[in-house]
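Worksheet: one structure, shown below.
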Amino acid sequence: MSAPVSAPASLPVEPAAAEEPKGRRRIGVLLVVALLAFLVDFGSKLLVVARLENHSAIKVIGDVVTFQVIRNSGAAFGMGQALTVVFTMIASAVIVVIWRIARRLYSLPWAIALGLLLGGALGNLTDRLFRSPGVFRGHVVDFISVQHFAVFNLADSAIVCGGILVVLLSFRGSNPDGTVHQQADKGEQADKGQ
């Protein structure tokens with residue numbers, strides 16, 4: 001009769017509980033923020049095109065901030081005027097990446113940041129797809145002019161605010177799935193020590 005075979009002394013250890021996502025998924029928050037950012041941008045563009053295009057600028061804060069309609073075929077600050085199709089493809093890729101991240105999204109701040117990025121990207125992509133001079137070559141409607149700076153729209157503002165929030169969350173060590181970089185690093189060190 002043979003002796004019973006015993007299990008090896010050191011079995012692989014499951015990742016620490018601290019690394020697992022906590023709470024519920026935040027896709028709904030991302031979608032609500034994205035929808036709000038998109039609708040505010042879309043509505044503001046409809047309004048300024050109907051009321052301000054082919055009219056003189058409206059002074060909001062003296063000559064420092066004015067509202068005037070500018071059709072922008074390029075990227076931010078009017079760069080890349082001949083690359084409208086490329087910017088359309090980049091915006092589409094950003095939307096796909098955000099949607100892929102959303103599948104494992106448990107962090108409320110990340111949901112807000114990605115929602116702002118998604119809503120802003122959709123706002124400008126809508127212009128590029130449906131405004132003149134044609135599909136994939138449409139010019140983005142910019143209307144907020146800051147003296148000695150740039151002319152931009154609310155989609156641009158949402159993208160910038162979302163981007164700043166992503167950078168801040170990354171510096172804090174926060175991940176979209178609700179974990180924190182330091183916790184993940186400690187778990188990896190514990191695994192290496194065994």
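Scanning region 85-124 for residues that are under 22 Å from residue 70 (Cα atoms), over 13 Å from the mean Cα position of the chain (by Cα) and open to solvent by less than 20 Å² (accessible area, probe 1.4 Å) turns up just one, 88. For region 40-72, the set of residues classified as of a type in the set (Phe, Trp, Tyr) and farther than 15 Å from residue 151 by Cβ consists of 42 only.
Filtered by the rule that a residue be more than 11 Å from residue 66 (Cα to Cα) and open to solvent by less than 40 Å² (accessible area, probe 1.4 Å), region 139-149 gives 140, 141, 142. Among the candidates 136, 152, the residue that is modelled with pLDDT under 95, within 29 Å of residue 57 (Cβ to Cβ) and either open to solvent by 40 Å² or more (accessible area, probe 1.4 Å) or among the β-branched types (Val, Ile, Thr) (or both) is uniquely 152.
Residue check: is residue 186 over 21 Å from residue 53 (Cβ atoms), more than 19 Å from the chain's Cα centre (by Cα), surrounded by 13 or more Cβ atoms within 10 Å (Cβ to Cβ) and modelled with pLDDT under 95?
Here the answer is yes, as residue 186 does meet what is asked.
In this entry, residue 18 passes the filter for residues that are at pLDDT below 55, over 20 Å from the mean Cα position of the chain (by Cα), outside any loop (DSSP other than H, G, I, E, B) and not β-branched (Val, Ile, Thr). Quick one: in region 22-60, of everything that is part of a loop (DSSP other than H, G, I, E, B) and open to solvent by less than 90 Å² (accessible area, probe 1.4 Å), which residue is modelled with the lowest pLDDT? Top of the filtered list is 23. Selection of region 29-56 for residues being more than 30 Å from residue 105 (Cβ to Cβ) and without any contact (Cβ under 8 Å) to a residue 24 or more places away in the chain yields 46, 47, 50, 51, 53, 54, 55, 56.
Residue 74 meets each of the listed conditions (1) modelled with pLDDT under 85; (2) open to solvent by less than 40 Å² (accessible area, probe 1.4 Å); (3) part of a helix (DSSP H, G or I) apart from (3).
The values are calculated or read from the model by the stated rules, or taken from the named source; none is laboratory data. Model, not experiment: these values are computed from the prediction. Here the Cβ is made from the backbone with ideal geometry for all residues, glycine too, and neighbour counts use every protein chain on show. Accessible surface areas use protein heavy atoms only, side chains included; no ligands, DNA or RNA. Shrake-Rupley method; radii C 1.70, N 1.55, O 1.52, S 1.80 Å.
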